[in-house]
Amino acid sequence: MRWVFGLLMFCYLALGAMVVWEGHVIAYEVARSKRNMEGVALLSRFQRSLSRMQTFLEKYQILGERVWIERFGVEKDMATGLASSLSEGGNPMSSNDRAKFARNWQEYLALADSAFSVQEPKTKEIYVMRAAIRQEEMSLLLENTMQDVIRARTSAPVLIWINLGIAILVVILGLATFLRMVVFPARRLAKEAKRIAFGDLEGPVTMRAPGRLGEIAEILETLRMNLLETREQVKRLISRRPGIER
């Protein structure tokens, strides 16, 4: 019987540990999701700013008007502040991706400055094309990071539900074991004791149970046998009394 209660206690201790761990996971996921969403907003703002910079650079390369240099400079100042935040780790990118991003950003700025400074159209076009490649590489890096964040947001609830299902399964198994090993045998044992108490000594107590309940069942059977023997002895004594018709 002790091992039954031990198993039940283990199940509920495991459940308690799962609940605590689940609470920790949920709190961590909520905090991480909030940081990631802030990082995704930062990535999206930088990506839009970078696209506008490349548009102004290409328009200058085609039209040659100074207004595109000015617009590029304004957008560059804004993007530089965003890039500084991204390089400092305030985003969901990994350390390797941040290093790639910082390198591509510096190369992009150098190529853009070269495109504005050279006068020969063919060379200017080459610099603009190379800058476009760097811009595409950064955009792809940012899009992959945002997709990873979306996948993480999708998989986190699944993990939580799986853990919750495991906890519920542990509880069900513990209760089923408790019912099968304790409650049902105890009810049958009470029924057998009530039968003997009301004088029904004919049927044997055939219940088998582990631990203390099994010992009580054996004691009840011994009690039944003793009561049955006592009743037979009383009948024999009464039948031997004088004046009793046989």
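In plain terms, the C-alpha convex hull of the range 90-142 casts an average shadow of 3.6 nm² when viewed from every direction.
Taking 17 Å as the straight-line reach from the Cα of K124, the aspartates and glutamates in range (excluding those fewer than 8 positions away in the same chain) are E58, E65, E107, D113.
Rule-based calculations on the coordinates, nothing more; no lab input. Please read all numbers here as calculations on a predicted model, not as lab measurements.
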